[in-house]
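The values are calculated or read from the model by the stated rules, or taken from the named source; none is laboratory data. Since we're looking at a predicted model, the values are computed, not measured. With ideal geometry, Cβ positions are generated from the backbone for all residues, glycine too; neighbour counts draw on all protein chains shown. What goes into the accessible areas is simple: the full protein's heavy atoms, side chains included, and nothing from ligands, DNA or RNA. Shrake-Rupley method; radii C 1.70, N 1.55, O 1.52, S 1.80 Å.
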Amino acid sequence: DAEITQSPRHKITETGRQVTLACHQTWNHNNMFWYRQDLGHGLRLIHYSYGVQDTNKGEVSDGYSVSRSNTEDLPLTLESAASSQTSVYFCASSSTSRAYEQYFGPGTRLTVT
Amino acid sequence: AQSVTQLDSQVPVFEEAPVELRCNYSSSVSVYLFWYVQYPNQGLQLLLKYLSGSTLVKGINGFEAEFNKSQTSFHLRKPSVHISDTAEYFCAVRSPSNTGKLIFGQGTTLQVKP
């Protein structure tokens, strides 16, 4: 069955370190998204991509970057982790024809100490 | 700019009672509206959606929602809840011009008590 996976599921890192969160989908979806989930804020869009070599900034992109070298993967990099980036991160994907229906990964809980 | 407001952060309810989770949106253009559910320690999954047509939308697990354009609302309802409905529920909006992007509300935690 097609799926979307994230790794690691839990990560503890120190302030200032570079961290990369992986997202892999086997739906063959063109659209991929990264969100962060924080209490009282719901889900906020960090970056998104509509296809290979395409990346776009969301509403909370500062301190994060993504790259899309193939259809299946959209890794999220925190260039220099900060305590304010402690959060739960969700990756999602959707097809071009049904762009509104996003499929979510299980999430990565990141703690920056 | 579009925005979504979920009017209740927590809704406690007893099993087999009816429930309504409220959602209001703001948009100057026609929108697509969604409810997603997040069970503990899981990602979100689509519960139901409104794209066009009938304003009463039925989703999975016995949930339904009504689109009210004049009140800019999209409230989620279930006539009789079960313990397994305990989860966080998110209302979201997408403008047809913003392919694939969703704007989420803050979430409502539904706590079903025995």
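Which parts of the stretch B:80-95, residue by residue, lose 10 Å² or more of accessible area when the rest of the protein chains are there, as against the chain isolated (1.4 Å probe)?
Output list: B:F90, B:R94.
What is the sum of charges, Lys and Arg at +1 and Asp and Glu at -1, for the other residues whose Cβ falls under 12 Å from the Cβ of B:L33?
Result for the local shell: +2.
Between B:D8 and B:S80, what is the FRET efficiency for a Förster distance of 22 Å, r being their Cβ-Cβ separation, to the nearest 0.05?
After rounding, the FRET efficiency stands at 0.70.
For the stretch A:50-71 and the stretch A:2-21, what is the separation of their C-alpha centers, rounded to whole Å?
The two parts, judged by their Cα centres, are 16 Å apart.
For the protein assembly as shown, count all C-alpha to C-alpha pairs, find those more than 22 Å apart, and express that count as a whole percent of the total.
51
Could you sort B:F90, B:F14 by accessible area so the largest value comes first, with the probe set to 1.4 Å?
Most to least solvent-accessible, the answer reads B:F14, B:F90.
I'd like the trypsin sites (Lys or Arg not before Pro) in the stretch B:49-114 restricted to DSSP loop residues with at most 15 other Cβ atoms within 10 Å, sorted by number.
Here the sparse-neighbourhood loop sites are B:K69.
If the cut-off is 30 Å between C-alpha atoms, which lysines fall inside it for B:K49, apart from same-chain ones fewer than 8 positions away?
A:K57, B:K58, B:K69, B:K78, B:K101, B:K113
Any idea what Rg and Dmax come out to for chain A if you just take the C-alpha atoms, in Å?
13.2, 42
Placing +1 at every Lys and Arg Cβ and -1 at every Asp and Glu Cβ, with all other atoms neutral, what dipole size does the protein assembly as shown have around its Cα centre, in debye to the nearest 20?
In debye, rounded to 20, the protein assembly as shown gives about 260.
Hey, any idea what % of chain A's accessible area is carbon plus sulfur with a 1.4 Å probe?
45
What do you get when you divide the Cα radius of gyration of the stretch B:14-113 by 2.2 N^0.38 Å, with N the number of residues?
Working it through for the stretch B:14-113, the quotient is 1.05.
With springs connecting C-alpha atoms under 10 Å apart, model chain A as a Gaussian network and identify which of A:R36, A:R98, A:R44 has the largest mean-square fluctuation.
Looking only at A:R36, A:R98, A:R44, the biggest GNM fluctuation is shown by A:R98.
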